[in-house]
Amino acid sequence: MTVDAGKPAAAGALGTQDLHAHSTLSDGDLSPARVAALAAERGVQIGIADHVSTRNAERFVSSLAAVERYLETIEALPVFVAGEFCWCDGMWRDLPAEVMDRFDYRIGSNHGFSLPDGGEGSPWWKRLPAAWEGRADEVMEAMVGNLCRMVRTMPVQIAAHSTLTPPALFALEPDVHAWWTDAREDRWVEALAESGVALEISNRYRLPHDRVLRKARQAGVRFTLGSDGHTEAQVGRLEWAVETARRVGVGDADLWVPERRRRG
Ligand SMILES: [Zn+2]
Ligand SMILES: [Zn+2]
């Protein structure tokens, strides 16, 4: 889907916004107030983007009532009001529009992807299940297809840790380009460019790799930086992401910058 492109970044913006942080409202270690205070100490604007998903009903924001409580809590803080939605969970389809609209922006994440046999793959798979042994390339192909559908379907502004690739594949062949081939990178970049969804540079996962970032920049895709921080050590920390952005030529003008909605 096509989304609001956000406003242009001010000069010197690179590294001043961490748009992906977690709190105790889902699986983070720190209270939302502590996340806000830590970001201020570290000199970054922060977006609290807790998991809004039924995938882990105990820990995640997993019902309409819980989403409303979540929004009330973070709307009172000097942070961007965000949420991380799972591609593999239908909650983003079920929430009313007026609730979805209260987020300053929404993040879409591949925490699980559909396989052609009806099963679900994981980007964290350390070993391929028996049915997929010897078929790693098909798994990769399915995952890239899911990512492209994700940005074309989900009402999100950012694709987080998108090129996260199952370790089971790197155990077979460590070269990232063996899996992220030119053709797959091109499909992914085209889906991002056409949907207008921004590509997150993830400080936590150290993704994406340089070649796809350079292609995305060439295609006019916009970028965000995210710590994906869950801990005191991680929240607001963007060193790797900033260094990577500079290395591949991503500058202030290439950033996607959210706007805080006016709240009564
Ligand atoms: Zn995630
Ligand atoms: Zn996250």
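Coordinate-derived values only; no laboratory data. These figures come from a predicted structure and were not determined experimentally. No Cβ is skipped: glycine too gets one built from the backbone with ideal geometry, and neighbour counts run over all protein chains shown.
Within the stretch 70-103, the residues that satisfy the criterion of being buried (at least 21 other Cβ atoms within 10 Å of the Cβ) and either part of a helix (DSSP H, G or I) or within 16 Å of the chain's Cα centre (by Cα) (or both) are Y70, I74, F80, V81, A82, G83, E84, F85, C86, W87, F103. Given the criteria closer than 28 Å to E173 by Cβ and away from ligand 2 (no atom under 16 Å from the Cβ), does W125 qualify? In short, yes. The helices (runs of 4 or more DSSP H) found wholly in the stretch 146-229 include none carrying at least 3 residues that are free of Cβ contacts under 8 Å to residues at least 12 places away in the same chain. Exactly one residue among T54, T24, T16 is surrounded by fewer than 23 Cβ atoms within 10 Å (Cβ to Cβ) and free of Cβ contacts under 8 Å to residues at least 24 places away in the same chain, and that residue is T24. Considered as a group, the residues in the stretch 205-244 that are more than 16 Å from ligand 1 (Cβ to nearest atom) and touching a strand residue (DSSP E or B) at 6+ places or on another chain (Cβ under 6 Å) include one that is farthest from A21 (Cα to Cα), and that residue is A216.
What are the residue pairs meeting all of these: first residue in the stretch 232-252, first residue in contact (Cβ under 8 Å) with a residue 12 or more places away in the chain and aromatic (F, W, Y), second residue assigned to a loop (DSSP other than H, G, I, E, B) and crowded, with 20+ Cβ neighbours inside 10 Å, Cβ atoms under 7 Å, and 6 or more apart or on different chains? Once the first residue is in contact (Cβ under 8 Å) with a residue 12 or more places away in the chain and aromatic (F, W, Y) and sits in the stretch 232-252, its partners that are assigned to a loop (DSSP other than H, G, I, E, B) and crowded, with 20+ Cβ neighbours inside 10 Å give W240/N203. Against the conditions (1) more than 30 Å from R247 (Cα to Cα); (2) within 16 Å of ligand 2 (Cβ to nearest atom), E72 satisfies every one except (2).
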